[in-house]
Protein chains: 2
Amino acid sequence: MDFNPYLVESRTYFVSALQARLKELNAQGKEVISLIMGDPLEPTYPPVREAVQAALADYTVSQYPKTEGSLAYRQAVSDWAKRYYGAELDPETQIISCNGSKEAIFHLPLLFDWTTGKEMWIPSLSYPVYAESAGIQHIPLRLLPLNAENGFLPDLDAITPEDWKRCQVFWINSPHNPTTAIASREYLERLLKLAEQYNFLVCSDECYNELYYGDEPPASCLEIPSQHCLVFRSLSKRSHMTGYRMGALMSFNPEYIRLLSKMRAPLGVGTPDFIQAGGIAALADDEHPREYAERYRVKRDKLVSELEAKGFDVFGAQAGFYLWFSHPSLPTSSDLLEAFIDAGLLITPGTAFGDDGEGYARLCYCVTNEVCEKIILALRRLAV
Amino acid sequence: MDFNPYLVESRTYFVSALQARLKELNAQGKEVISLIMGDPLEPTYPPVREAVQAALADYTVSQYPKTEGSLAYRQAVSDWAKRYYGAELDPETQIISCNGSKEAIFHLPLLFDWTTGKEMWIPSLSYPVYAESAGIQHIPLRLLPLNAENGFLPDLDAITPEDWKRCQVFWINSPHNPTTAIASREYLERLLKLAEQYNFLVCSDECYNELYYGDEPPASCLEIPSQHCLVFRSLSKRSHMTGYRMGALMSFNPEYIRLLSKMRAPLGVGTPDFIQAGGIAALADDEHPREYAERYRVKRDKLVSELEAKGFDVFGAQAGFYLWFSHPSLPTSSDLLEAFIDAGLLITPGTAFGDDGEGYARLCYCVTNEVCEKIILALRRLAV
């Protein structure tokens, strides 16, 4: 048998590798707090669980969920998009549900023909699923360099017209994981104009958009009625629903939704109807993500103070629940990893997100207050 | 943009096409009972829902489900396989969970390199997901002819050694959808020997295996400890759990499970933990699938009598909940479809499963007693 060479050769998914390291440390009797998963430890928005339980109460006969999601769920997405961004999206033709954005991101490339020389473009530092999807499916990938100089956003001016012609899919993730960089409205408008000019699709992964610490929400592609954009949203972060798997894809261009619906029909990733009931409850309220953000902001302030007191350079941190940082005395990601492990904290080395992450590390602070206090004590122990 | 040519050119998934036809008939005021979905209308095994509700009762903090499923779920699968088939499977290295078998079937080809000339082989009449997966992913596909003469099972003797060398994945589905054909233990043993000889993987889709009407369960690849086999099982049919999305992949060869685990990590198709609790409850009991089968048998007997009284030839029908039939006076699948619509029943034309289905049709009888009585009345009206 000829196995997929990417699977045979590729390194282990970083989460699995770090979890193995954690297991090893625990076996040695060392207590280490894991801060590697963007998986909130604070409660799910309570009406979600209540709505799922209520939906199950009379769910005696189960039936296959629809590929595109129930109309009620898509209507809830439409209502939320209208309320939050003023976007007018028809629930039947411009919205489709997904099992959280992870699977939707992985499957997106199936929509395209990759034999014609076109490429999928992603930031050189990224949520690993874009590159894993490209690797497993053998899709030509181009990494757009991110660094402190370009504010961890792809430099659109550095790309030549010849290069733009090779772009088929452009992934933009704002607020960005792992760096927390935020693309401005002007940046997104410029990108969407380029998409129209060179006929490519902007895939806008906005799963952290509702957890922000400034006065205004980060810009969203839902505010710009482009025909060359597909927006990926997830309820995992905004409503602490990682364990439920619920999200949505939206586009002002119904053709993408029509093709996605056809592509996703045999995929078998319809979300159970009773979980969609939870999604409807989550989307009916815009206040709880603001409350969650306020709680994250308090933690962020404390942790950033501690890190800066130790001489760390912390980037951004105006949205999401990650800290992205470097330290002049700990020049490699491996140095950062080991120094934090010595202090009792497991963080993700920046290189897990791409080679351009060398010298950086990411810390997830989607933790309880109690754990946050432990992190503070550990940071005070940290030797630099 | 260059869209996936398969999506642009291919016909609509047959279920969608038939549902559109149904909508049209309803709009014309014609009452038609849909018998096209293998989606049981009898209740889910009640302890499933109770277990999901109990798991939700204290599920205040949600966390990402594991790719491979919880150890408790995999242990339940292992215990069931041991009890039911005498199979010894290590839950940690020989079992992985899936969101029902549909997604697992769609994704299976990602495990392999398809650029070396190897092919995926499927029966010429099949559950459409095998061919859709191959089409969307551009995988070389070979259809093995099924017909009444070979009992709707691929004729292993008709394949030359040169041909066997091109096989990478061989899908066998027994009891078979749509024809209900059952492969004997000898057939499966022969196939697994060929897999060893020519180094290919047998993917055994056994989702109807526990709904049988004879004295003995249909043979399963779980009874034959081959190193060249991956078994796909689903709780959708045996426990009426289609709406929950829960299944498992098993292999006596841990290497497939290791690679599947690596391949599936970025896929985002982990099943929510509270649904896995329902899966554990379903697998703890072997009696309810027998009770469900007995109820299906009663319906089958009534419907087969009616069909035979009208001159239909009904094939097999010793397992599952499909009837596969033809009629000398209705020579095409289209003739069958229209005659049934005239009588008030929507069935699936055999051609929906492949060109070799011409002249046949499939009727799903996973219905309530009340609907079964309506079908009987409709069949008596049917003009042939």
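Quick note: the coordinates plus some simple rules give every number you see, no bench work behind them. Predicted model only: the values in this text are computed from it and were never measured. Using ideal geometry, Cβ is built from the backbone for each residue, glycine included, and neighbour counts are taken over all protein chains shown.
Under 5 Å between amide H atoms, partner at least 5 residues away or on a different chain: which partners does B:Ile33 have, H built in plane at 1.01 Å?
HN-HN under 5 Å from B:Ile33: B:Leu345, B:Leu346.
Could you give each residue of the stretch A:349-364 its phi-based ³J(HN,Hα) in whole Hz, using Karplus coefficients 6.51, -1.76, 1.60 with θ = phi - 60°, and x for Gly or Pro?
In residue order, the calculated couplings are x, x, 5, 5, 9, x, 4, 5, x, 4, x, 10, 8, 10, 10, 8 Hz.
Would you please give the FRET efficiency between A:Gln28 and A:Asn147, computed as 1/(1 + (r/R0)^6) with r the Cβ-Cβ distance and R0 = 51 Å, to the nearest 0.05? Write out the running numbers ahead of the final one.
Numbers: r = 36 Å, r/R0 = 0.71.
The computed FRET efficiency comes out at 0.90.
Starting from the 7 Å offset along Cα-to-Cβ, what nm value, one decimal, do you get for the label separation of A:Asp335 and B:Val8?
Distance between the two pseudo-spin positions: 5.2 nm.
Quick check on chain A: of the DSSP beta bridges with both residues there, what percent are antiparallel, nearest 5%?
Values: 19 of 37 bridges.
The antiparallel fraction comes to roughly 50 percent.
Rounded to the nearest 5, what is the percent of antiparallel bridges among the DSSP beta bridges in the protein assembly as shown?
Numbers: 40 of 76 bridges.
Of those bridges, close to 55 percent are antiparallel.
With a 10 Å Cβ neighbour count serving as the proxy for reagent exposure, in which order, fewest first, do A:Leu337, B:Leu125, A:Leu41 appear? Write out the running numbers ahead of the final one.
Details: A:Leu337 22, B:Leu125 28, A:Leu41 16.
Result, fewest neighbours first: A:Leu41, A:Leu337, B:Leu125.
So what's the back-of-envelope 222 nm ellipticity for chain B, counting only DSSP H runs of four-plus at -39500 (n - 2.57) apiece and dividing by all residues, rounded to 500?
-12000 deg cm²/dmol
Tell me which residues come under 5 Å, amide H to amide H, from B:Asn177 once H is placed; ignore anything under 5 positions away on its chain.
For B:Asn177, the qualifying residues are B:Tyr127.
Size of the dipole of the stretch B:54-194 about the Cα centre, Lys and Arg at +1 and Asp and Glu at -1 on the beta carbon, nothing else charged, in debye to 20? Provide the component values of the computation, followed by the final result.
Details: 12 positive and 17 negative charges, 9 e Å.
That gives a dipole near 40 debye.
Starting from the Cα of B:Lys237, draw a straight line to each of the lysines and keep only those under 27 Å, dropping any in the same chain fewer than 8 residues away.
List returned: A:Lys66, A:Lys262, B:Lys23, B:Lys66, B:Lys82, B:Lys102, B:Lys299, B:Lys302, B:Lys374.
I need to check one value: relative contact order of chain B, counting alpha carbon pairs closer than 8 Å and at least 6 residues apart, in percent. Present the calculation step by step, with values, prior to reporting the outcome.
Values: 697 pairs, mean separation 89.1, N = 384.
This gives 23 percent for chain B.
Amide H neighbours of B:Glu119 under 5 Å, at least 5 residues apart or on other chains, H built in the peptide plane: list them.
B:Cys167, B:Gln168, B:Val169
Please state the charge dipole magnitude for the stretch B:255-347, taken about the Cα centre, from unit charges on C-beta atoms (+1 on K and R, -1 on D and E), reported in debye and rounded to the nearest 20.
Details: 10 positive and 14 negative charges, 69 e Å.
So the dipole magnitude of the stretch B:255-347 works out to roughly 340 debye.
Among the lysines, which fall within straight-line cross-link reach of B:Lys118, defined as a Cα-Cα distance under 17 Å, with same-chain neighbours fewer than 8 residues apart omitted?
Straight-distance partners of B:Lys118: B:Lys165.
Output the relative contact order of the stretch A:193-293, whole-number percent, from Cα pairs under 8 angstrom with separation of 6+ residues.
Working: 116 pairs, mean separation 27.7, N = 101.
Relative contact order of the stretch A:193-293: 27 percent.
Leaving out same-chain residues fewer than 8 places away, which aspartates and glutamates sit with a Cα under 16 Å from that of A:Lys30?
Leaving aside aspartates and glutamates fewer than 8 places away in the same chain, those within reach of A:Lys30 are A:Glu338, A:Asp342.
Report the net charge of residues surrounding A:Thr180, where surrounding means a beta-carbon distance below 15 angstrom and charges are Lys +1, Arg +1, Asp -1, Glu -1. Please report the intermediate quantities before stating the final value.
Numbers: positive: A:Lys237, A:Arg297, A:Lys299, A:Arg300, A:Arg362; negative: A:Asp205, A:Glu206, A:Glu210, A:Asp301, A:Asp313.
Here the charged neighbours net out to 0.
With each label point set 7 Å from Cα along the Cα-Cβ vector, what nm distance links B:Gln19 and B:Val304?
In this crude spin-label approximation the distance works out to 3.2 nm.
Full extension from B:Gln63 to B:Glu291: what is 0.36 nm times the residue separation minus their Cα-Cα distance, to one decimal in nm?
Details: separation 228, 0.36 × 228 = 82.08 nm, distance 3.59 nm.
Here the answer is 78.5 nm.
What residue among A:Leu191, A:Ala277, A:Thr93 has its Cα farthest toward the positive end of the dipole of the stretch A:61-285, where the charges are +1 on Lys, Arg and -1 on Asp, Glu, each on the Cβ?
So the residue we want is A:Ala277.
Starting with the fewest neighbours, write out B:Val48, A:Val298 ranked by other beta-carbon atoms found within 10 Å of each beta-carbon.
Details: B:Val48 27, A:Val298 11.
Listed from fewest to most nearby Cβ atoms, that is A:Val298, B:Val48.
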